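The values are calculated or read from the model by the stated rules, or taken from the named source; none is laboratory data. What you are looking at is a predicted structure, and each value in this text was computed from that prediction instead of being measured. All Cβ positions, even for glycine, are placed from backbone atoms using ideal geometry, and neighbour counts span all protein chains on display.
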Amino acid sequence: MKEELCMPLAIGVLNHDPDLFEWLNTHAQTYNLKYLLAHADDGIIWGHFRQGNLNISNCVLPQSPLLHLATLQQCRVFSQAGEVMLWRFGGKWKARFISDLKVNPIIENQILWGTHGYKREHEGFTILKDGSQGLKHAVPITNIEVDKAEKLVRPVRLTVHHYIDHGDNGIARIYLSRLVDLTTNEN
């Protein structure tokens, strides 16, 4: 079952930032993926795909890092349809695609950091902030309900699917996880 769920992807040439954006845009279109979550040396980068182009959180929040191949550690491009993950291992890039159409995963909704939000609907992001320090990040959704004081009515959640494997010894463990959606729904 593991082989059906997870498929390695060809990388091709990734030498410059435009190569990275082209690779991500191509795979987002191929697999019908909506969102990007990247971990880089200089921080977290959120993004979404609109009309075949990747838009990243730096467009609405200048403190958010830019997406550069040189600083990228890993990124996940995801939606209900599946997830493409690109990561650096041993100085080389690896990639895979996961789709859970044939299995029933364990579903977890992780609450994202942020108690207040300011929508930037035209750009497709909501800037979430938390605490008196004014720390912020921009998530790529705008269907978030806020009150008059910009306090979130419900927190933003990242839906994650976990996959179980029963080893030879009969012990069940999570062997793989993928990102699925951003929502304010509890379930």
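Search the range 45-61 for residues that are closer than 16 Å to Lys129 by Cβ and pair each with any residue that is among the aromatic types (Phe, Trp, Tyr) and assigned to a strand (DSSP E or B) when their beta-carbon atoms are under 8 Å apart and the residues are at least 6 apart or on different chains.
Within 8 Å, the pairs are Trp46/Tyr35; Trp46/Phe125; Ser57/Trp46; Ser57/Phe125; Val60/Phe125; Leu61/Phe125.
Would it be correct to say that Tyr163 is over 21 Å from Val60 (Cα atoms), at pLDDT below 95, of a type in the set (Ser, Thr, Tyr) and surrounded by 16 or more Cβ atoms within 10 Å (Cβ to Cβ)?
Against the criterion (over 21 Å from Val60 (Cα atoms), at pLDDT below 95, of a type in the set (Ser, Thr, Tyr) and surrounded by 16 or more Cβ atoms within 10 Å (Cβ to Cβ)), Tyr163 qualifies.
Residues in the range 64-73: is at least one in a strand (DSSP E or B), of a type outside the set (Lys, Arg) and within 26 Å of Asp165 (Cα to Cα)?
Among the residues of the range 64-73, not one is in a strand (DSSP E or B), of a type outside the set (Lys, Arg) and within 26 Å of Asp165 (Cα to Cα), which makes the answer no.
In the range 118-146, how many residues are modelled with pLDDT of 95 or more, of a type in the set (Gly, Ala, Ser) and either more than 19 Å from Tyr35 (Cα to Cα) or assigned to a loop (DSSP other than H, G, I, E, B) (or both)?
Residues in the range 118-146 being modelled with pLDDT of 95 or more, of a type in the set (Gly, Ala, Ser) and either more than 19 Å from Tyr35 (Cα to Cα) or assigned to a loop (DSSP other than H, G, I, E, B) (or both): 1 in total.
If you go through the range 92-122, how many residues are aliphatic (A, V, I, L, M), surrounded by 14 or more Cβ atoms within 10 Å (Cβ to Cβ) and touching a Lys or Arg at 6+ places or on another chain (Cβ under 8 Å)?
2
Counting only residues that are more than 16 Å from the chain's Cα centre (by Cα), under 22 Å from Ser57 (Cβ atoms) and touching a residue at least 24 places away in the same chain (Cβ under 8 Å), how many does the range 131-152 have?
8
For the range 1-57, how many residues meet the condition of being among the basic types (Lys, Arg) and assigned to a helix (DSSP H, G or I)?
Of the residues in the range 1-57, 1 are among the basic types (Lys, Arg) and assigned to a helix (DSSP H, G or I).
Looking at the range 166-184, which of its residues are assigned to a loop (DSSP other than H, G, I, E, B) and either in contact (Cβ under 8 Å) with a residue 40 or more places away in the chain or surrounded by 10 or more Cβ atoms within 10 Å (Cβ to Cβ) (or both)?
Of everything in the range 166-184, just one residue is assigned to a loop (DSSP other than H, G, I, E, B) and either in contact (Cβ under 8 Å) with a residue 40 or more places away in the chain or surrounded by 10 or more Cβ atoms within 10 Å (Cβ to Cβ) (or both), namely Thr184.
Just one of Thr183, Thr115 is at negative phi, within 19 Å of the chain's Cα centre (by Cα) and not aliphatic (A, V, I, L, M); which is it?
Thr183
Quick check on the range 127-150. Is at least one of its residues over 25 Å from Ala28 (Cβ atoms) and touching a Ser or Thr at 6+ places or on another chain (Cβ under 6 Å)?
Scanning the range 127-150 turns up at least one residue that is over 25 Å from Ala28 (Cβ atoms) and touching a Ser or Thr at 6+ places or on another chain (Cβ under 6 Å).
Got at least one residue in the range 75-83 being within 24 Å of Trp23 (Cβ to Cβ), touching a residue at least 60 places away in the same chain (Cβ under 8 Å), in the same structural domain as Thr26 (by TED's automatic domain parsing) and not in a strand (DSSP E or B)?
Yes, the range 75-83 contains at least one residue that is within 24 Å of Trp23 (Cβ to Cβ), touching a residue at least 60 places away in the same chain (Cβ under 8 Å), in the same structural domain as Thr26 (by TED's automatic domain parsing) and not in a strand (DSSP E or B).
Can you tell me which residue among Val13, Val60 is over 16 Å from the mean Cα position of the chain (by Cα), at negative phi, buried (at least 18 other Cβ atoms within 10 Å of the Cβ) and of a type outside the set (Phe, Trp, Tyr)?
Val60
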